[in-house]
1. All but one of (1) in contact (Cβ under 8 Å) with a residue 12 or more places away in the chain; (2) farther than 25 Å from Phe32 by Cα; (3) out of contact with any helix residue (DSSP H, G or I) (no Cβ under 7 Å at 6 or more places or on another chain) hold for Ile87; state the number of the condition that does not hold.
2. Which one of these does Val48 not meet: (1) surrounded by fewer than 15 Cβ atoms within 10 Å (Cβ to Cβ); (2) touching a residue at least 24 places away in the same chain (Cβ under 8 Å)?
3. Anything in region 3-50 that is of a type in the set (D, E, K, R) and within 24 Å of the chain's Cα centre (by Cα)? List them, or say none.
4. Just need a number here: residues in region 77-133 that are among the polar types (S, T, N, Q) and under 21 Å from Gly194 (Cα atoms).
5. What are the pairs, 6+ residues apart or on separate chains, where a residue within region 216-234 that is among the acidic types (Asp, Glu) has its Cβ under 7 Å from a residue that is surrounded by fewer than 22 Cβ atoms within 10 Å (Cβ to Cβ) and not in a loop (DSSP other than H, G, I, E, B)?
6. Being under 18 Å from Val227 (Cβ atoms), out of contact with any strand residue (DSSP E or B) (no Cβ under 9 Å at 6 or more places or on another chain) and touching a residue at least 40 places away in the same chain (Cβ under 8 Å) is the filter here, so list the residues in region 96-119 that pass it.
Amino acid sequence: MRLHRFFVHTPITNETFDVADKDLVHQWKHVFRYNVGSQVVLFDGSGVDYYCMITSLRNLGATVQVMRKVENNPGSRKNVWLCMAMIKKDNFEWVAQKATELGVTHIVPLLCEHSEKRKLNMDRMRTIAIEASEQSGRGDIPVIHDPVKIGDVLQSGMLPQEKVLFHPDGIPFDQYKHGTLASSVALFVGPEGGFSDKEIALCKIYNMPVVTLGKQILRAETAGITVSALLLFS
């Protein structure tokens, strides 16, 4: 029987430990109808899955015992930062969910001149990333950054050295891919109206290659997921 996976915010360091997350315990008791003896898979984002048995289930907490540990850390996975322009809330949340499932390591919401939205519920964004990691079997949680302007994130120095701007007037993706061996890369995807001329000029100052996926104009959310998949699995 397939066991359900749950993320715990506290690092797992002991063979027996308490779970104090009231929402998680409520879910176990009233949604999954777990009892003493039920088994779950817990992970804390460290790349290890802990197969546990519930030994005590109370109204406000639970105690579990680790039965076995399984490494869940794909060492060959690329370090992909998706720097995605702010778009409509539901669409951006969908991108975050699917990017998490694919294995993107960082999601950076970009405040662009043509962005439709300027704010995000960051607590909800991080919840979406946690739930997508639980569902997909991923052993870690992507970092969800606060919204930032393109110039600020480029000047921050936190991005990988390899950065790529996706735009209809760029070189073909295959041509770019054959010319790079980078294992860490930041992907810049614009909003529905595209990056402004000023934003494109700023990116070129940082010697970012401009790459296109072809003549068809993709919706922003489609482009974000497509480029992430191409870089992660090619």
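What follows draws every value from the coordinates through simple rules; no lab data is involved. Keep in mind the model is a prediction, meaning the values are calculated, not measured. Note that we place each Cβ from the backbone using ideal geometry, even for glycine, and neighbour counts take in every protein chain shown.
1. (3)
2. The one condition Val48 does not meet is (1).
3. Filtering region 3-50 for residues of a type in the set (D, E, K, R) gives 5, 15, 18, 21-23, 29, 33, 44, 49.
Scanning region 3-50 gives Arg5, Asp21, Asp23, Asp44, Asp49.
4. Pass one, region 77-133, residues among the polar types (S, T, N, Q): 79, 91, 97, 100, 105, 115, 121, 127, 133.
Those still in the list that are under 21 Å from Gly194 (Cα atoms) too: 91, 115.
The qualifying residues number 2.
5. Correct list of pairs: Glu221/Asn91; Glu221/Trp94.
6. Residue satisfying the conditions is Lys98 alone.
A quick yes/no check of all residues on (1) crowded, with 17+ Cβ neighbours inside 10 Å; (2) without any contact (Cβ under 8 Å) to a residue 12 or more places away in the chain:
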residue	(1), (2)
Met122	no, no
Ser133	yes, no
Gly139	yes, no
His145	yes, no
Val153	yes, no
Gly157	no, yes
Leu165	yes, no
Pro168	no, no
Phe173	yes, no
